[in-house]
């Protein structure tokens, strides 16, 4: 198996050299299949570590657009050694940039306010019924469309901006396998300049018309 293919697979998955080599050998050199295989193994490895306590970590920051958008993210891990690792810091920076770009409203699906969720369900149900769907099928359609709502609004469900084939949650699970210890996104905050402020709206056309009277 060529070193270039192994290197490309490592860049895509973050897995170790030998793991990438074996995955390529098992899939006949197919990069996509090898990436899926590593992801499956990574998810299994991550599941074993998901219950471990994450008391270390770091807070990352990112400022975008000449100070118009600012982001803070707290990401936790098990040891100070990993927290200071450059790969961990790069991951934290990438997630900060993702938050700036994708503007998630919640961290997880479970954090969505129940009132917001019920409101969204009702809108989607009405949409399905207005499209002529039968009531017994409309509920199933709503569940499918809720997944789209979650993928747009929940950080862990969003497609990662640097690799949309992965969600942020899947990316974290890959990194858990890479680092060999649990990693947890605890919280984030995103500020946008002027957000929530009432802005003056000038109607210049109307103003000119008044001056000409």
Do we find a residue being surrounded by 14 or more Cβ atoms within 10 Å (Cβ to Cβ), more than 11 Å from the chain's Cα centre (by Cα) and either modelled with pLDDT of 90 or more or closer than 30 Å to residue 62 by Cα (or both) anywhere in the stretch 149-162?
yes
- Task: Would you mind stating whether residue 83 is more than 19 Å from the chain's Cα centre (by Cα), touching a residue at least 24 places away in the same chain (Cβ under 8 Å), buried (at least 17 other Cβ atoms within 10 Å of the Cβ) and within 17 Å of residue 60 (Cα to Cα)?
- Result: yes
Given (1) modelled with pLDDT under 90; (2) out of contact with any helix residue (DSSP H, G or I) (no Cβ under 6 Å at 6 or more places or on another chain), residue 176 misses just (2)
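Could you pull out the residue among 57, 132 that is touching a residue at least 24 places away in the same chain (Cβ under 8 Å) and farther than 22 Å from residue 164 by Cα?
After ruling out the rest, the residue left standing is 57.
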In the stretch 65-80, anything closer than 30 Å to residue 194 by Cβ and surrounded by 15 or more Cβ atoms within 10 Å (Cβ to Cβ) is listed as 69, 70, 71, 72, 73, 74, 75
Taking the stretch 86-110 and keeping residues within 23 Å of residue 153 (Cα to Cα) and exposed (fewer than 13 other Cβ atoms within 10 Å of the Cβ) leaves 110
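The values are calculated or read from the model by the stated rules, or taken from the named source; none is laboratory data. Since the structure is predicted, the reported quantities are computational estimates derived from the model, not experimental observations. In this analysis, Cβ positions are derived from the backbone assuming ideal geometry, glycine residues included, and neighbour counts consider all displayed protein chains.
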